[in-house]
Amino acid sequence: MRYDAGKARWMPMEIRGVRGYFNDLRIDRNTIPEGFCFWELADGDSDGTPCRYKRAFW
């Protein structure tokens with residue numbers, strides 16, 4: 001199941017000087033506002049530490 005970006009709760013964050021917003025839901029790409037970049041993080045060991053990330057294109 002994917003969630004509507006406009007209805008999700010977002011937490012401000014910063015990675016290597018780049019500010020953005022984070023949540024841990026699977027977001028429906030069609031609900032991302034125009035002009036926003038969308039990146040996906042993956043947790044490989046289920047310990048909450050992101051092990052890889054990639055830009056999501058849609």
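With the requirement that a residue be under 14 Å from ILE15 (Cβ atoms) and not aliphatic (A, V, I, L, M), what does the stretch 39-50 give you?
TRP39, GLU40, THR49, PRO50
Any idea which residue in the stretch 33-51 is surrounded by the most Cβ atoms within 10 Å (Cβ to Cβ), counting only those that are of a type in the set (A, V, I, L, M, F, W, C) and in a loop (DSSP other than H, G, I, E, B)?
This residue is PHE38.
Of the conditions (1) under 22 Å from MET1 (Cα atoms); (2) part of a strand (DSSP E or B), GLY20 fails just one. Which one is it?
(1)
Which one of ASN30, ASN23 is in contact (Cβ under 8 Å) with a residue 12 or more places away in the chain and surrounded by 10 or more Cβ atoms within 10 Å (Cβ to Cβ)?
Answer to the check: ASN23.
Readers should treat all values here as calculations from the given coordinates under stated rules, not as data from a laboratory. Bear in mind that the values here come from a model prediction, so they are computed numbers and not experimental data. As a convention, Cβ positions derive from the backbone with ideal geometry for all residues, glycine included, and neighbour counts pool all protein chains shown.
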